[in-house]
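Right, one structure below, let's go through it.
The values are calculated or read from the model by the stated rules, or taken from the named source; none is laboratory data. Because the structure is predicted, anything quoted here is derived from the model rather than measured. Please note: Cβ atoms are built from the backbone with ideal geometry, for glycine as well, and neighbour counts cover all protein chains shown. Quick note on the areas: whole protein, heavy atoms, side chains included, nothing else; ligands and nucleic acids left out. Shrake-Rupley method; radii C 1.70, N 1.55, O 1.52, S 1.80 Å.
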2 protein chains.
Amino acid sequence: MIDPIVRRPGSGGIRWSTGKALALSTLTGLATYSIGLLSNRDAAYKASNSSILRDRTVVPKYGAKAELDKALPEIREFMGEDGITTDPEELERHGFSSWSTYNIDTRPIAVAFPKTTEEVSKMAKICHKYHLPIIGYSGGTSLEGHFSATEGGVCVDFVHMDKVLDIHVEDLDVVVQPSVGWQELNEVLKEKNLFFPPDPGPGAKIGGMVGTGCSGTNASRYGTMRENVLNLTVVLADGTIIKTRQRPRKSSAGYDLTRLFIGSEGTLGLVTEATLKLTVLPEQTRVAIAPFESIRDAASCVAKIMATGLQVGALELLDDVQMKVVNDAGDQARKYDEKPTLFLKFSGSPAGVKEQIEKVQTIAKETKARSFDFARNDKEGADLWSARKEALWSMIASQQNENDGVWNTDMAVPLSKLPMIIEEAKAKMDKTGVLASIVAHAGDGNFHNIILYNKNDPAEKAMVEQAVHELVQRAIELDGTCTGEHGVGLVKKKYLVEELGEDTLGLMKKIKMAIDPLDIMNPGKIFDFEVAK
Amino acid sequence: MIDPIVRRPGSGGIRWSTGKALALSTLTGLATYSIGLLSNRDAAYKASNSSILRDRTVVPKYGAKAELDKALPEIREFMGEDGITTDPEELERHGFSSWSTYNIDTRPIAVAFPKTTEEVSKMAKICHKYHLPIIGYSGGTSLEGHFSATEGGVCVDFVHMDKVLDIHVEDLDVVVQPSVGWQELNEVLKEKNLFFPPDPGPGAKIGGMVGTGCSGTNASRYGTMRENVLNLTVVLADGTIIKTRQRPRKSSAGYDLTRLFIGSEGTLGLVTEATLKLTVLPEQTRVAIAPFESIRDAASCVAKIMATGLQVGALELLDDVQMKVVNDAGDQARKYDEKPTLFLKFSGSPAGVKEQIEKVQTIAKETKARSFDFARNDKEGADLWSARKEALWSMIASQQNENDGVWNTDMAVPLSKLPMIIEEAKAKMDKTGVLASIVAHAGDGNFHNIILYNKNDPAEKAMVEQAVHELVQRAIELDGTCTGEHGVGLVKKKYLVEELGEDTLGLMKKIKMAIDPLDIMNPGKIFDFEVAK
């Protein structure tokens, strides 16, 4: 049954379409397909039919310039003249990112700078009334077009909401606003002998980190954002303020709304406050690097370490190309062996760290490491780790001219499949002839292909896109994912249906429609609705 | 066909469908209340109004005997004569539990025994057609009335779906069916040097463990179900089969549906398959116990251990009453000091375990432990730990007559609030005069009051209920939760709104309505819909 149109009474002249909207998904039928290595069991679920998930479709109509003109004075009434701007420079700054794999031509039509949850709520009510899209913005370091303004709308920059509100040392948690950066937070927490483990790209802030469900190098030991957030305060599309959960470390009190918002990329609401789980700083942290003749040897070292159950702090793999790029960037104190190299972090008590290093050193020898250097103090550790930290930057530094684009891919596969897909990725990129390196969070089965290509050469761009697409398909075949930590954004929407199937995606859409029926919260991200023409 | 009546209240009274449903929540207005220690910031959110969350209500109508008579032959067509039964003994066995804090008078009207996900799907389609409620059943060890058949319906016993389907040793995960018990699973995994950490009550099975989002004594170190499940295969209300996620250890691919189902208590779908994260068995595990003069001393020991960041395997606290009950039960090899006692587990390499024990021993001395006994081998460890393991059983054994009921409460608070609330709990229970002990997962701020009372004495029952209610309110005041691991079920619905507020609960209901518009999946659990009379 096609439940025709969801009509809502208009406000300010905006109306939901009153024509004969058609649920295109039900007209076109469901693409059935089989997926390489997946069992029949799995393949069947990806193509089944559902009455619940496909009985409605939304026909969003978004407010534009005319509606903004009505909204502006209402918003300025409580946020002041500086609370929202239409300055073209600000629109550009909030709608384009040179970091992102993908940019689009449209920009937000206003940028707001709220100072409190209540301001965000009041503003959302007004945007809701005029059907103006709302796009959250904190660090702006997203790689997949997460804050691209596909439908114009109001970008909400949390720059003024950057406070650490409460540190509960004995409870091992902290309450923060969305524009607190993870690096700045850890500076504050250091004095309390605590830290917040997730460590994505430099510059990332809590709001965006919740949005993408990100992680970083510490995840294999300490988990991702999903394991390190206790509760969230969220403003929904109509301005409703909810708090997902109280502050105990464990709870079985109803649906896990906290995790529903983590990774929802701003499509379900704006996070205005977060309580984060903290970890006591390890007594000691030591770093080691071990170059190998081949990726396979390095991977076999990782597998053996994982099989011991040793809780290594971080297990990072850089390929030969990446090591060469690091050397070429020339800002390192030393020259590295230009071979696939493992970067390892050990943490715990001095005796525990010593024991871990000895065990890993033995495994490294068994798996034919060319050498095994470990830092005896923090300074040496920082020097050794810097090559890992500078991986992306050194790729960017190697850009020859302004046409060069950097594409930082992100896939994850079950642990045992990582060496196979990394080798395939290298072979595929070699064929394209572009410069491409591999950086992997090997303890998580998560890896990035950092690709340098001429973004103004349509043929080269298409070739790279095709290679990435094939790689993603391969990750999915191996029971992996199109994104381990960067999120879907604009760029990976097309892969998500290949990964999860129509019905699983249908369930996500159903939830989205239930919470944000006007589709004003960061529209066009994660999935598209089948909009009637 | 019975149609759910859905109506949008509000000016103009736009109707989404036909019928006379009334959204009682909008008629009665919203209760506003203030909550003790919560900040004004939080209190405000609990009482705000929402247009999105309250614009619809459902009026479920459930199929009964007449509809079952139509469904039975259709179900038997593919599940066989034995696939579904109406035998009164089976109905009783699947609708009543002597473990549960709460039982009701109604029973399921049929019990089904599916063998595959496909059978579950086909059966759900038929139940959906006839609006027959569907209630999942695996271990039957739930404490809060989770499988009580509030509206009759079909209990789905997964007894035949008890297989370990795939063990991926190198990927550190396992694929299981819902009736695999955690204890049996760990027997199988032991051979592979692996284990699955969540350890709730004996007899619990994966299906129910996903449902309640449970945990156990290992959670402070290894996390709860929420941190240890990679993906789920779920049959939705209309028979749609979805798989929430692929199998990598990390993913940012869209909404976190896995966690949405974990803790949803069967109200959103039936889990028919789960991929679980595994952990390598520690080389060594040692156990220690330390009695203290007071709960406060024991708690201060816990706080100091937590502040060191030591990853103790388990940190359990039993009060003096519980220790006496253990001694009285008389099935222990030794007599314990009848004082508040910490039970600790240490795991890791032999050297690591030795170091941990020494450090904790020093802290225990500083915090005035009366003694500190640690087991030198596995046999001694099992003996020491058995008092902890037998806590609930020994309370049950102390029942004087068949009127005695056991009420096993479950609350969690931020770590620093645990000693305070435990002392208050003891004082409150002392006043009632009933036998009540405390067992706490102290490393999580989660505790249980195990209360023995005369369930057939209305006055005593009311007094205990009142004491528990006040205790829950206190936990909520302290920014805690009415359930740390047992779930909401029937019993804690009334507390959930006090804990989370109307809007947060409204968001949960909105999601429920979107996925299960007929409200046939385990109706009456977690929350009630405002049904028009």
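Eigen-decomposition of the gyration tensor built on the alpha-carbon atoms of chain A gives equivalent ellipsoid semi-axes of 40, 28, 23 angstrom, largest listed first.
Counting only other chain Cβ atoms within 10 Å of each residue's Cβ, the peptide A:513-520 averages 3. Averaged over its residues, the stretch B:284-494 has an accessible area of 38 Å² per residue, based on protein heavy atoms and a 1.4 Å probe. In this calculation the C-beta distance from residue B:65 to residue B:169 is compared with R0 = 56 Å, giving a FRET efficiency of 0.65. In sequence order, the stretch A:470-483 has phi-based couplings of 4, 5, 4, 4, 5, 4, 5, 4, 7, 6, x, 10, 6, 8 Hz under the Karplus curve 6.51 cos²θ - 1.76 cosθ + 1.60, θ = phi - 60°, and Gly or Pro positions carry x.
Each Cα pair under 8 Å and six or more residues apart adds its separation to the average, and for the stretch B:197-356 the resulting relative contact order is 23 percent. Just to check, using Stokes-Einstein with a Kirkwood Rh over alpha carbon pairs, what's the diffusion coefficient of the stretch A:284-494 at 4 °C and 1.567 mPa s in µm²/s? Rounded, D is 74 µm²/s. Scaling the Cα radius of gyration of the stretch A:468-533 by the globular reference 2.2 N^0.38 Å produces a ratio of 1.18.
Assuming a viscosity of 1.002 mPa s and a temperature of 20 °C, what translational diffusion coefficient in µm² per second does Stokes-Einstein assign to the stretch B:374-533, Rh being the Kirkwood radius over Cα pairs? For the chosen part, D equals 121 µm²/s. When the P(r) is computed for the stretch A:88-199, the part past 26 Å accounts for 31% of the Cα-Cα pairs. Sorted from closest to farthest, the other copies place their residue B:469 label points 6.2 nm away, with each point set 7 Å from Cα along Cα→Cβ.
Among B:425-433, B:481-489, B:517-525, sorting by the average number of other beta carbon atoms lying within 10 angstrom of each residue, highest first, gives B:481-489, B:517-525, B:425-433. Of the three principal axes defined by the Cα atoms of the protein assembly as shown, the extents in descending order read 85, 72, 62 Å. For residue A:519, neighbours were defined as the other residues whose beta-carbon sits under 11 Å from its Cβ, and their charges (Lys and Arg +1, Asp and Glu -1) total +1.
Per residue of B:438-445, count partner chain C-beta atoms within 10 Å of its C-beta, then hand back the mean as an integer.
Mean number of neighbouring Cβ atoms from other chains: 2.
Taking 29 Å as the limit for the C-alpha separation, the pairs A:163/A:379; A:359/A:428; A:205/A:417; A:368/B:192; A:190/B:493; B:304/B:389 exceed it in the case of A:163/A:379; A:359/A:428; A:205/A:417; A:190/B:493. Counting, for every residue in B:256-265, the Cβ atoms of other protein chains within 10 Å of its Cβ and taking the mean gives 6. Summing charges over all other residues whose Cβ lies under 12 Å from the Cβ of residue B:382, with Lys and Arg as +1 and Asp and Glu as -1, gives +1. Across the stretch A:85-96, coupling constants 3J(HN,Hα) worked out from phi with the 6.51/-1.76/1.60 Karplus curve, θ = phi - 60°, read 10, 10, 4, x, 5, 5, 4, 5, 4, 9, x, 10 Hz, and Gly and Pro carry x. For the stretch B:420-500, a Kirkwood radius taken over Cα pairs fed into Stokes-Einstein (25 °C, viscosity 0.890 mPa s) yields D = 186 µm²/s.
Projected over every direction and averaged, the convex hull enclosing the alpha-carbon atoms of the stretch A:164-280 yields 6.9 nm².
Charge tally for residue A:301 (other residues, Cβ to Cβ under 13 Å; Lys, Arg +1; Asp, Glu -1): +3. Close amide H partners of residue A:217, meaning residues 5 or more places away or on another chain with modelled amide H under 5 Å apart, are A:199. The label-point distance for residue B:78 and residue B:371, in a model that sets each label 7 Å from Cα toward Cβ, rounds to 6.3 nm.
Over the alpha-carbon set of the stretch B:382-428, divide Rg by the Kirkwood Rh and report the Rg/Rh ratio to two decimals. Taking Rg over the Kirkwood Rh, I get 1.07. The B and A chains share an interface that buries close to 8300 Å² of accessible area, total over both sides, probe 1.4 Å. Taken about its Cα centre, chain A carries a charge dipole of roughly 1280 debye when the Cβ of each Lys and Arg holds +1 and the Cβ of each Asp and Glu holds -1.
Summarising the amide proton neighbourhood of residue A:454: residues at separation of 5 or more, or on other chains, whose placed amide H is nearer than 5 Å comprise A:405.
Using a probe of 1.4 angstrom, how much of the accessible area of the protein assembly as shown is carbon and sulfur, in percent?
Answer for the protein assembly as shown: carbon and sulfur cover 51 percent of the accessible area.
Equivalent-ellipsoid semi-axes for the stretch A:336-448 (Cα gyration tensor, √(5λ), whole Å, largest first): 29, 18, 13. Reported value for the stretch A:311-362: 95 Å³ per residue, from the convex hull of its C-alpha atoms. In the context of the full set of protein chains, the stretch A:164-280 has a per residue accessible area of 22 Å² (1.4 Å probe).
For the stretch B:348-353, the Karplus equation 6.51 cos²θ - 1.76 cosθ + 1.60, evaluated at θ = phi - 60°, returns couplings of x, 6, x, 5, x, 4 Hz by residue, with Gly and Pro reported as x.
Which distance in Å, rounded to a whole number, links the C-alpha centroids of the stretch B:394-436 and the stretch B:473-533? After rounding, the separation between the Cα centres reads 24 Å.
The Rg/Rh ratio for the stretch A:235-353 is 1.14, where Rg is the radius of gyration of the alpha carbons and Rh is the Kirkwood radius.
Mark the label point 7 Å from the Cα of residue B:403 along Cα→Cβ and return the residues of the stretch B:459-482 whose backbone N is within less than 19 Å of it. Answer for the stretch B:459-482: B:459-466.
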